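Colleague: Take this structure, written in structure tokens, and hold onto it; I'll ask about it next.
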């Protein structure tokens, strides 16, 4: 799955302080090439609570379009967002996150309709959302030369970090292409990763709801692919066995797909796969590609 969370470059940018009745520090959070704000910060700035913002959104759901006014982030994308935007302190308990665009924040300020909400949104509009591009860098539209210089320096740093991230992603893809080939089982792929305990990989995938034992009462495990992983992470290779002294039967072997290899490789670099006790601590490739986690 291509990573749509474009927030790593923003991690080096100073937070923007917006003043209404109270000052609120808004960390710069980028998602799909635009600045967004979380429900928590929006509620704080509007002088209300998150439950009220969520209730207003639920009551006016037709007025808030996904991808225009809000973004709903969950699953692997949310986990990636936490890593690339650690400065934003996104709660590890949240299973999904609503991100508000400028249009969404404006529409919600009209629904809350208090002086505090209007004042806070004006601050967001002037100092956070409204950017202009100069020489390929996004700068706030402001007249203060000191703030402008600081923003330019932040943008330059962000651009450099983005270039480093792009280089790491290119390395990541290159390493993965060297490891993966069509027709491999998950166990065969993991045998190519230094330190992984290949004998425990299938059980690990069973715990991850990728595989199940189709012969739980038998002497031998017969791994089958669960529907939720089928054709996305894994497929199956079926073979008919015709022994000379017994009835024929069909065997099934899980086969790893490329997206499944990506999933396993990410967890390997983050130290989340079952590892051998004798593992020397060295990864097949650079652990830094895991994002430092």
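Read the figures in this text as sums done on the coordinates, not as results from a lab. Keep in mind the model is a prediction, meaning the values are calculated, not measured. We place every Cβ from the backbone using ideal geometry, glycine too, and count neighbours over all the protein chains shown.
Colleague: At a 10 angstrom cut-off on C-beta neighbours, averaged per residue, how do the peptides 34-44, 218-228 rank from highest to lowest? Don't jump to the answer; show the numbers that get you there.
Modeller: Working: 34-44: 21.2, 218-228: 12.8.
Taking the mean over residues of other Cβ atoms within 10 Å, the ranking is 34-44, 218-228.
Colleague: What is the spin-label model distance, in nm, from residue 94 to residue 25 if the labels are put 7 Å beyond Cα along the C-beta direction?
Modeller: Result for the modelled spin labels: 1.8 nm.
Colleague: Hey, another quick one. For the modelled label position 7 Å from the Cα of residue 226 along Cα-to-Cβ, which residues of the range 180-211 have backbone nitrogen atoms closer than 11 Å?
Modeller: Taking a point 7 Å out along Cα→Cβ of residue 226, the residues of the range 180-211 whose backbone N falls under 11 Å are 205-211.
Colleague: Moving to a separate point now. Once you have the Cα-Cα distance between residue 58 and residue 240, take 0.36 nm times their residue separation minus that, and quote the gain in nm to one decimal. Kindly include the intermediate steps, with their values, before the conclusion.
Modeller: Values: separation 182, 0.36 × 182 = 65.52 nm, distance 5.35 nm.
Net length gain for the segment: 60.2 nm.
Colleague: Sorted by mean Cβ packing within 10 Å, highest first, what order do the peptides 96-105, 231-240 take?
Modeller: On the way: 96-105: 20.2, 231-240: 13.7.
Descending packing order for the listed peptides: 96-105, 231-240.
Colleague: What would the Debye equation give as log₁₀ I(q)/I(0) for the range 180-290 at q = 0.11, 0.13, 0.16, 0.21 Å⁻¹, counting only Cα atoms as equal point scatterers?
Modeller: Results for the range 180-290 at q = 0.11, 0.13, 0.16, 0.21 Å⁻¹ read -0.39, -0.53, -0.76, -1.15.
Colleague: Continuing with this model, one more query. Any chance you could run the full-extension gain for residue 209 through residue 188? It's 0.36 nm times the residue separation minus the Cα-Cα distance, nm to one decimal.
Modeller: Values: separation 21, 0.36 × 21 = 7.56 nm, distance 1.91 nm.
Contour length minus Cα-Cα distance gives 5.7 nm.
Colleague: Length gain on complete extension for the stretch residue 115 to residue 277, per 0.36 nm per residue less the alpha carbon to alpha carbon distance? Please list the in-between numbers first.
Modeller: Values: separation 162, 0.36 × 162 = 58.32 nm, distance 6.15 nm.
This chain segment gains 52.2 nm when fully extended.
Colleague: For residue 258 paired with residue 219, estimate the spin-label separation in nm (one decimal), with each label point 7 Å from Cα along the Cα-to-Cβ line.
Modeller: Inter-label distance under the simple model: 4.2 nm.
Colleague: Given just the C-alpha atoms of the range 246-286, how large is their convex hull per residue in cubic angstrom?
Modeller: 129
Colleague: Still on this structure, I have one more. So how do 258-267, 52-61 stack up, highest first, on mean other-Cβ count within 10 Å? Kindly include the intermediate steps, with their values, before the conclusion.
Modeller: Numbers: 258-267: 19.3, 52-61: 14.1.
Packing order, densest peptide first, comes out as 258-267, 52-61.
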